[in-house]
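Here is the structure we will look at, set down as structure tokens.
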Amino acid sequence: MVSKALEEAKVRLYQRKDRTRGIVLAGVVLFVVLLLIALLNLIDSISLPLRPVDPMERLTSQQLALQRFLTWMTIAVVALIGPYGFFLGKKQRDIKAIERRLPDFLRDVAEAGRFGMTLAEAIVVSSSGRYGTLTPEIKKMAAQISWGVPATEALRLFSERVKTPMTGRIVSIIVKSSDAGGDVADVLTMVSHDAKEVQLTEDERRISMSTYIAVIYISFLVFIVTIWILNATFLPKMREASASLTGGDPSKGLGGLSPLANDLPTVIFNIKIAFFIAVFVHGLGDGILAGVLDNGKFANGLKHSFLMLLIAVVGFQLI
């Protein structure tokens, strides 16, 4: 009983700690804090503008509060999706780096098996090779096997640490072949060749999809520039036209000639709010679409949404 508990403790020692929950929790805490700041700005309990108020806009206190609320709410969303998005991206890059060398390891294990070694012995012998990012995982498997853990169980723990469809499929095939008592060396060679082909196919798809991702970023930037042009040319001309028709005093209105111009500051404010909401939806949706095009996963687009929303916040502060 004691030896079994010791073996289980050693196995847990070599299992990779998953920090996903901590990253998500940190993002949620930041989101809640920033959202609270946004709500306090909305009810005008505090006033935390990110840029000085333009006196030419002649905004009311409610309009200024709404402006601050939307800005801080966007920052809260950025804080929520940013840490998890980049953490997930780094995790996927590490997994891809491991998968990149996995066919080489399988080929070496197959070659060792052809010399009459068992699967466990072949893994231990192959662990002395160099497989880049995969090397620590191979060392863990070899250590587990040396502690008495069966080779199939060590492979299963390896697949749980890496957690990719390719690794799970390969380990499942190897385990079933080993349990059936067939020629594991031939199976490993076949699986290694299949994994290499899958990687080449994924590389080709990623290269083709990178063009569409670039188009998404360019279209988003064009949208931001278009809004900047409208803010720099069209909206000031509206103010000038209203001022000229009212003799330089916008408070006089146009004598009923144009109800739109009589409340021109509110109209311009509503236009800017519509621009901001459009950019927010544009950035969040386009980022998610870019992630789906990249590897077919919704969560992978969070880092793209983070970058686009960050560009939106900075761009609107400058505009």
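Taking θ as phi - 60° and the Karplus parameters 6.51, -1.76 and 1.60, the scalar couplings of the stretch 197-202 work out to 5, 4, 5, 5, 5, 5 Hz in sequence order, x denoting glycine and proline.
Taking 26 Å as the limit for the C-alpha separation, the pairs 90/297; 163/297; 90/139; 139/303; 272/297; 176/196 exceed it in the case of 139/303; 272/297. Each listed q (0.07, 0.11, 0.13 Å⁻¹) maps to a log10 I(q)/I(0) for the stretch 2-318, found by the Debye formula over equal Cα scatterers with no solvent: -0.48, -0.82, -0.99. Dipole magnitude for the stretch 2-318: computed about the Cα centre from +1 point charges on Lys and Arg Cβ and -1 point charges on Asp and Glu Cβ, it is near 580 debye.
Given a cut-off of under 8 Å on Cα pairs at least six residues apart, what relative contact order in percent is computed for the stretch 117-212? Kindly include the intermediate steps, with their values, before the conclusion.
Working: 42 pairs, mean separation 17.7, N = 96.
Reported as a whole number, the value is 18 percent.
Using the Karplus relation 6.51 cos²θ - 1.76 cosθ + 1.60 with θ = phi - 60°, the per-residue 3J(HN,Hα) values for the stretch 292-297 come to 5, 5, 5, 9, x, 10 Hz, with x marking Gly and Pro.
Read the figures in this text as sums done on the coordinates, not as results from a lab. Keep in mind the model is a prediction, meaning the values are calculated, not measured. Note: ideal-geometry Cβ built from the backbone for every residue, glycine included; neighbour counts use all protein chains shown.
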